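Heads up, the thing below is written out as structure tokens.
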Amino acid sequence: VGLDRLMFQFLTDVVQTNLSTAFKIYPNPAYHLLSVQVPLSPATLSIYRIDGTLINTYTIRQNNQQINIAGLSAGTYMVKCLSGDKTFKSYFIKK
């Protein structure tokens with residue numbers, strides 16, 4: 001009736017998967033091409049003016065894809081991305 005063995009277990013590494021970190025748009029500001037990284041493809045990416053007007057919608061077929069934004073006027077734009085069951089929003093500046 002005694003303690004003959006004591007065992008300790010230490011946590012040495014934590015792996016955290018966060019889907020929100022898997023959605024990225026870059027560079028910011030952007031000039032001609034906007035790179036898009038999504039956690040799951042295909043995804044739907046919509047670009048809006050800052051006043052909420054929809055500019056265009058794209059189907060992202062690869063986890064990393066570039067979108068030609070050369071035709072956009074300089075300014076700030078909102079991006080909405082539907083990837084799997086997640087919705088992501090971000091902003092970028094077009095120079």
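The values are calculated or read from the model by the stated rules, or taken from the named source; none is laboratory data. Computed from a predicted model, the values in this text were never measured in an experiment. As a convention, Cβ positions derive from the backbone with ideal geometry for all residues, glycine included, and neighbour counts pool all protein chains shown.
Quick look at the values:
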item: Condition check for Leu40: surrounded by 12 or more Cβ atoms within 10 Å (Cβ to Cβ) and at pLDDT below 95; result: yes
item: Qualifying residue in the stretch 68-75 (condition: more than 14 Å from Ala30 (Cβ to Cβ) and part of a strand (DSSP E or B)); result: no
item: Where Lys80 falls short, out of the listed (1) surrounded by 11 or more Cβ atoms within 10 Å (Cβ to Cβ); (2) more than 14 Å from Leu34 (Cα to Cα); result: (2)
item: Restricting the stretch 36-54 to residues that are among the β-branched types (Val, Ile, Thr) and either over 17 Å from Phe88 (Cβ atoms) or assigned to a loop (DSSP other than H, G, I, E, B) (or both), the residue that is farthest from the chain's Cα centre (by Cα); result: Thr53
item: Cβ-Cβ under 7 Å pairs, at least 6 apart or on other chains, the stretch 36-60 side on the phi < 0 side of the Ramachandran plot and in contact (Cβ under 8 Å) with a residue 12 or more places away in the chain, far side aliphatic (A, V, I, L, M) and surrounded by fewer than 14 Cβ atoms within 10 Å (Cβ to Cβ); result: Ser46/Leu54; Tyr48/Leu54
item: The stretch 1-34, subset loosely packed, with under 14 Cβ neighbours inside 10 Å and within 12 Å of the chain's Cα centre (by Cα), residue modelled with the highest pLDDT; result: Tyr26
